[in-house]
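Contents: one structure, followed by commentary.
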Amino acid sequence: MTALRTGLQFEVRVLRRSFGELIALVTAPLMTLVFLAVIRHGGREDLAPYAVLAPALIVLWGVALIVSGEIIAQDRENESLEAIVASPASFAGVLTGRITAVTLVSLAGFAESWLAAFLVFRVAVPIPHPGQFILIVLVTALATAGTACVMSAVFVLARSARAFQNSLTYPFYVLGGVMVPIALLPDWLEPISRMVFLSWSSDLLRDALSPAPVPDLASRLAVILALGVTAYVLGLALVRRTIDRLRRTGSVTYA
Amino acid sequence: MRMAEDAVEVRRLRRVFRGRRKSPGVAALDSVDLVIPAGEVHGLLGPNGAGKTTLCKILATVLLPTSGHASVGGHDVVRETAAVRRIIGIVFGGERGLYTRLTARQNLEFWAAMYGLRGRTLRLRVDAMLSQIGLTERADDRVEGFSRGMKQRLHLARGLIGDPQVVLLDEPTTGMDPVAAREFRTLVGELRDDGRTVLLTTHDMAEAEAVCDRVTLIDNGRLLATERPAALSSWISTYSRVDARDVPAERVPQLICELRDIPGVAGVRAIQPSGIRVETDVADAAPQVIRHLLDSGINSVATSTPDLEEVYLHIIGERGLRVSR
Amino acid sequence: MHDLVRPLRVLRFSAGNAWADMWVIFSPLTWIVGWVSRVLVQVVFFALIGLLLGSDDAVRYLFIGNAVMITAMEATMSVTTTTWERRQGTMPLLVAAPTRLWPVFMGRSVQWLPTGVITASVALFALGPAFGVDWTPARALTVLACLAVVAVATYCFALLLSAIVLTAVDLHNVISNVAQAITMLIAGVMVPVSFWPGWVQAIAQALPLTHGLAAIRAVTDAQAVGPVAGEVIAGLSLTIGVGALWLLAAALLFEGLAAAGRRTGSIEFAD
């Protein structure tokens, strides 16, 4: 638990100094305007909930990929990885703390998006089921952190994977249905996108923004949670493997 | 290539760096006068923060003086920058300033173009420089794989690619191993043979003594004196330090008293563990100190030359000037 | 005698530097699989919003706008790669050399021009038919020429941003991303420029992409290239003109920065 808290505090300090890392949070309000402009120009202001939700989800995923995904790789580069491994704190604990901090900070994207929509376009998107909405956001954040854990291990285990790190943005925005629901996409995409927790989250969040009761809330939340936990467990296993490899061979990367 | 006039002329040069907020500025250089005749290798010797790099930057046209005048090859560094830039070359220590993703040849080609070379002249010049620094074999390898010494040589070639009349070497041996540093001194000698004027900044007395025709001492932004290197070597022999180790603890106080009585001994103190340090300020005092220690049965004795700070302490301290940290 | 061709020679060697950088970050495989595919999916992502709006016209409009945006986006990446020059510690050496700074920086990130044109072309020509854009050879060639103009003109605009970023290296990411997002918003990529209030439209006129994209839309919307040739040439001329103004401003700013650096002492040796 101490390790987790240490990691969390550490990351908050790092992020405060290197704001450039959180570029997604800077551009999020502009993306909100982009989406809102498109739907307003298309005469579909009823889609406003879609337009404000999309940038928030993009921030959540983008930050997990670029910031959390880099954590171990960066420690590796500035040669602090060995020092952290050699400390008595649990490495998995510190990592989890750091990823949690990053993910919590990235939730600010929701507030930014709602605010930008209201301030610039005077579009106020009501949240008819606030309790459920917050619950879904939190479960989504958990799943994001779990997925970030896998990414942070993969990007350090297979250095060549890092070349493709930037490529994992838009494909996941499509598969995650962050703006256009999966239901509107070709059928063959559905099985793949259902493996991506974001597709469940975005549908569920959009349902929570419509006045009708949210159907099958518990079971759908359970799916998100299951996907997130699976990723987290897999991530921890990979992290353990990374460290074992570091201790055995003095090098963590495979290729 | 030799110029009739002085290669570098600096008159009442002053540069103040503004402090934070309303605090008064700091004068990095103050009332500096310096004349370097063409063809001279001139050393600028001083501790870190003395103002050496500030003077180099002003001569290199990348920094404006607050007041005073500086010219290179008869061209004013403030008004006639284009003329100055054509005749100077800059080399600074460390590994930065090279394009590590390019090959050695590509680096030199780029800088040759920056210095107005082209076509066949450019290619020949680049080849000649590569061969002069002994990098012909590695010319087409990327710089990122080079050793520190190779990078430093390439840096020197880069600085010389425009065939400069005046070469500014700012702490060029920083981070070099002793072998590379010695090679570097040879290269400076070659620059002198080519008839180029060299301004070399350093905080290493031995380096200044080895390669310079004259050496100017600088501290706290002021020039203190310009000397022949011989003066440096006399300081080095005058102000030496003798350390005795493994002195039985009970004998330390008495030995300190005895050593103090030797003429030319400036200071004696006990050092941990169980040793004595003697500082001298007369040329033949050190041998007497050593003899006395050996006669007293102390066999673990070492002498060392003083570093720059200590010489400053002796020379400048006596003149009542504040010594740089 | 002053050598008028020297800036061009420096530009050429600096471009060699840019090309070397390109193949350090990418291998042909990572460029195609990692970069080109990501960019194509980006175009698809935004085009699909048209499906949500239930309009094929919207799909087509968004597709063309976002495909051309790729060219502008890659040209703007030069803002980031320019900071690499600063990281190499060459600033004092460049300032102290007898050639001006702008050709160095103009060549320094030039790799993004061919790549930006290629990726956008792949999007337009390979994916276009699926998104309602049909090509004839004349149309394709005209659009290709337009893309090249957009790339160069946007690069000139980005050079000014690069000059600003040289003084604030930490902000390179923020400045280039915000510039890209604003361009996307107002330059006619997502919605027509006329959607915006007058003052926003006025700002949009200063962006090279606005005019270049208008020319491309004229080509893709017309039955044949011939009748719209005048409109296309006018659009491209504006693109080039706006780009040239930005280049001039950037060159002046680079010189101004060097002068300011000499005054304040911010040009560090071994920085």
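Expressed in nm², what is the orientationally averaged projection area of the convex hull enclosing the Cα positions of segment A:117-167?
Values: hull surface 22.4 nm².
It is 5.6 nm².
Can you work out ³J(HN,Hα) from phi for every residue in segment C:99-114, in order, using Karplus 6.51 cos²θ - 1.76 cosθ + 1.60 and θ = phi - 60°, giving whole Hz and x for Gly and Pro?
Once θ is set to phi - 60°, the couplings for segment C:99-114 become 10, 5, 6, 4, x, 4, 6, 5, x, 5, 10, 5, 4, 6, 6, x Hz.
Report the rotationally averaged projected area of segment A:129-194 based on its alpha-carbon convex hull, in square nanometres.
Details: hull surface 22.7 nm².
Directional mean of the projected Cα hull area for segment A:129-194 stands at 5.7 nm².
Taking every Cα atom in segment C:154-271, find the radius of gyration and the maximum pairwise distance Dmax, and write them in Å.
Final numbers for Rg and Dmax: 17.8, 60 Å.
Quick one: among B:300, B:67, B:233, which has the greatest mean-square fluctuation in a GNM of chain B with alpha-carbon springs under 10 angstrom?
Answer for the Gaussian network model of chain B: B:300.
Given springs between every Cα pair under 10 Å in a Gaussian network model of chain A, which of A:111, A:208, A:28 has the largest fluctuation?
Checking each option, the largest mean-square fluctuation is seen for A:111.
Considering the Cα trace of segment A:172-255, what is its radius of gyration and what is Dmax, both in angstroms?
For segment A:172-255, the Cα-based Rg and Dmax read 17.7, 58 Å.
In a GNM of chain A with a 10 Å cut-off on Cα contacts, which of A:170, A:232, A:50 has the highest mean-square fluctuation?
A:170
Quick one: 3J(HN,Hα) in Hz for segment B:116-130, Karplus 6.51/-1.76/1.60 with θ = phi - 60°, rounded, Gly and Pro as x.
x, 7, 7, x, 5, 4, 4, 5, 5, 4, 4, 4, 5, 5, 4
Put +1 on the Cβ of each Lys and Arg and -1 on the Cβ of each Asp and Glu in the protein assembly as shown; which of B:293, B:234, B:216 then has its Cα farthest toward the positive end of the dipole?
B:216
Mind jotting down the distance between the C-alpha centroids of segment B:199-226 and segment C:172-244, whole Å?
Here the answer is 60 Å between Cα centres.
Per Stokes-Einstein, at 37 °C and 0.692 mPa s, what whole-number D in µm² s⁻¹ belongs to chain C, with the Kirkwood radius over Cα pairs as the hydrodynamic radius?
169 µm²/s
Kindly give the semi-axes, whole Å and largest first, of the ellipsoid equivalent to the protein assembly as shown, taking each as the square root of 5 times a Cα gyration tensor eigenvalue. Each step should come with its number before you reach the end.
Details: eigenvalues 734, 270, 101 Å².
They are 61, 37, 22 Å, listed largest first.
Skipping prolines and chain starts, which residues have an amide H placed within reach, meaning under 5 Å, of the one on residue B:214, given they are 5 or more residues away or on another chain?
B:41, B:43
Residues of B:159-165, mean number of Cβ from any other protein chain within 10 Å of their own Cβ, rounded to a whole number?
Details: counts 2, 0, 1, 2, 0, 0, 0.
That average works out to 1.
Count charges around residue A:98 for me, please; just the other residues with Cβ under 12 Å from its Cβ, Lys/Arg as +1, Asp/Glu as -1. Don't jump to the answer; show the numbers that get you there.
Details: positive: A:5, A:13; negative: A:11, A:70, A:75.
Net of charged neighbours comes to -1.
Out of C:219, B:276, B:133, whose Cα points farthest toward the positive end of the dipole of the protein assembly as shown (charges: +1 Lys, Arg; -1 Asp, Glu; placed on Cβ)?
My answer, from the dipole projection, is C:219.
For all pairs of alpha-carbon atoms in segment A:1-148, what percent lies in each bin of width 5 Å, listed from the first bin to the last filled one?
Binned Cα distances yield the sequence 2, 10, 17, 19, 17, 12, 9, 6, 4, 3, 1, 0.
Just want to confirm a number: the relative contact order over chain C, from Cα pairs under 8 angstrom separated by 6+ residues, in percent.
24 percent
Mind pulling the angle between the C-alpha long axis of helix A:48-66 and the longest principal axis of chain A? Nearest 10 degrees, somewhere in 0 to 90.
10 degrees
May I ask you to derive the FRET efficiency for residue B:131 and residue B:5 from their Cβ-Cβ distance with R0 = 41 Å, giving the value to the nearest 0.05?
Values: r = 33 Å, r/R0 = 0.80.
The value I calculate is 0.80.
Roughly how big is segment A:165-244's charge dipole about its Cα centre, with Cβ charges of +1 (Lys, Arg) and -1 (Asp, Glu), in debye to the nearest 20?
On the way: 5 positive and 6 negative charges, 50 e Å.
Computed about the Cα centre, the dipole is about 240 debye.
Calculate log10 I(q)/I(0) of segment A:51-91 for q = 0.13, 0.21 Å⁻¹, where I(q) comes from the Debye formula with a single equal point scatterer on each Cα and nothing for solvent.
Each listed q maps to, in turn, -0.42, -0.69.
Would you mind putting A:77-84, C:16-23, A:177-184 in packing order, based on average other-beta-carbon counts within 10 Å, highest first?
Values: A:77-84: 12.2, C:16-23: 18.2, A:177-184: 19.8.
Packing proxy ranking, top to bottom: A:177-184, C:16-23, A:77-84.
So for chain B: antiparallel DSSP bridges make up what percent, rounded to the nearest 5?
For chain B, the DSSP antiparallel bridge percentage is about 65.
Need one value for C:16-27: mean number of C-beta atoms belonging to other chains within 10 Å of its residues' C-beta atoms. The partial results should precede the final answer.
Working: counts 6, 6, 0, 2, 7, 3, 1, 1, 4, 2, 1, 2.
Mean partner shielding for this stretch: 3.
For segment B:72-226, what class follows from the C-alpha gyration tensor (a ≥ b ≥ c being the square roots of its eigenvalues): rounded when a/c is under 1.5, otherwise prolate if a/b is larger than b/c, else oblate?
Working: a/c = 1.94, a/b = 1.27, b/c = 1.53.
Cα axes put segment B:72-226 in the oblate bin.
Segment B:7-72 to segment C:107-146: how many Å between their Cα centroids?
55 Å
Rounded, prolate or oblate: which one fits segment A:113-255, using the alpha carbon gyration tensor with axes a ≥ b ≥ c (rounded when a/c is under 1.5, else prolate when a/b beats b/c, else oblate)? Walk me through the numbers before you get to the answer.
On the way: a/c = 2.19, a/b = 2.03, b/c = 1.08.
In terms of gyration-tensor shape, prolate.
Note down the magnitude of the dipole of segment A:3-120 about its Cα centre, charges +1 on Lys and Arg C-beta and -1 on Asp and Glu C-beta and zero elsewhere, to the nearest 20 debye.
Working: 8 positive and 10 negative charges, 52 e Å.
The calculated dipole for segment A:3-120 is roughly 240 debye.
Tilt of helix A:91-106 relative to the longest C-alpha principal axis of chain A, in degrees (0 to 90, nearest 10)?
Once rounded, the angle reads 30 degrees.
With N set to the residue count of segment B:163-211, report its C-alpha Rg divided by 2.2 N^0.38 Å to two decimal places.
Numbers: Rg = 10.5 Å, N = 49, 2.2 N^0.38 = 9.7 Å.
Dividing the Cα Rg of segment B:163-211 by 2.2 N^0.38 Å gives 1.09.
Tell me the relative contact order for chain B as a rounded percent, counting alpha carbon contacts under 8 Å between residues six or more apart.
Numbers: 634 pairs, mean separation 62.0, N = 325.
It comes to 19 percent, rounded to a whole number.
Over segment A:1-73, what is the relative contact order in whole percent, taking alpha-carbon pairs under 8 Å and six or more residues apart?
Working: 30 pairs, mean separation 23.7, N = 73.
Relative contact order here is 32 percent.
State the antiparallel share, in %, of DSSP beta bridges confined to the protein assembly as shown, rounding to the nearest 5.
On the way: 35 of 54 bridges.
Of those bridges, close to 65 percent are antiparallel.
Under the classification rounded if a/c is under 1.5, otherwise prolate if a/b is larger than b/c and oblate if not, where does segment C:132-197 fall, given a ≥ b ≥ c as square roots of the Cα gyration tensor eigenvalues? Let's see the in-between values first.
On the way: a/c = 3.19, a/b = 1.69, b/c = 1.89.
Oblate.
Determine the calculated [θ] at 222 nm for the protein assembly as shown from helices alone, applying -39500 (n - 2.57) to every DSSP H run no shorter than 4 residues and normalising by the residue count; nearest 500 deg cm²/dmol. Working shown, then result.
Details: 36 runs with 500 residues, N = 851.
-19000 deg cm²/dmol, from helical runs alone.
In nm, to one decimal, how far is the modelled label at residue C:3 from the one at residue B:257, with both set 7 Å along Cα→Cβ?
Here the modelled spin labels are 7.7 nm apart.
Taking amide H atoms as placed 1.01 Å from N in the peptide plane, list the residues 5 or more away in sequence, or in a different chain, whose amide H sits under 5 Å from that of residue B:271.
The list, which skips near neighbours in sequence, is B:276, B:277.
Along the positive direction of the dipole of chain C (beta-carbon charges: Lys, Arg +1; Asp, Glu -1; about the Cα centre), which of C:269, C:124, C:67 reaches farthest?
The listed residue farthest towards the positive side: C:269.
Can you give me the long-range amide H partners of residue B:38? Hydrogens built in the peptide plane at 1.01 Å from N, cutoff under 5 Å, separation of 5 or more residues or another chain.
When sequence neighbours closer than 5 places are left aside, the close amide H contacts are B:7.
Assuming R0 = 22 Å, can you tell me the calculated FRET efficiency for the pair residue A:195 and residue A:127, based on Cβ-Cβ distance, to the nearest 0.05? Intermediate results must be reported in sequence, preceding the final value.
Details: r = 28 Å, r/R0 = 1.28.
Efficiency, rounded to the nearest 0.05: 0.20.
Along Cα→Cβ, 7 Å out, is where each label goes; now give me the distance between the ones at residue B:299 and residue A:46 in nm to one decimal.
10.3 nm
Mind checking the angle between helix A:2-17 and chain A's longest principal axis? C-alpha axes, 0 to 90 degrees, to the nearest 10.
With rounding to tens, the tilt is 70 degrees.
In whole Hz, with x marking every Gly and Pro, tabulate ³J(HN,Hα) for segment A:128-135 from phi via Karplus 6.51 cos²θ - 1.76 cosθ + 1.60, θ = phi - 60°.
Along segment A:128-135, the couplings run x, 10, x, x, 5, 4, 5, 4 Hz.
Give the value in nm², to one decimal: projected area of the alpha carbon convex hull of chain B, averaged over all directions. Don't skip to the end; give the middle numbers.
On the way: hull surface 82.9 nm².
The Cα convex hull of chain B, projected and averaged over all directions, gives 20.7 nm².
Each reported figure results from applying straightforward, stated rules to the coordinates on display, with no laboratory input. As the structure is a prediction and not an experimental result, all values here were calculated from the model. With ideal geometry, Cβ positions are generated from the backbone for all residues, glycine too; neighbour counts draw on all protein chains shown.
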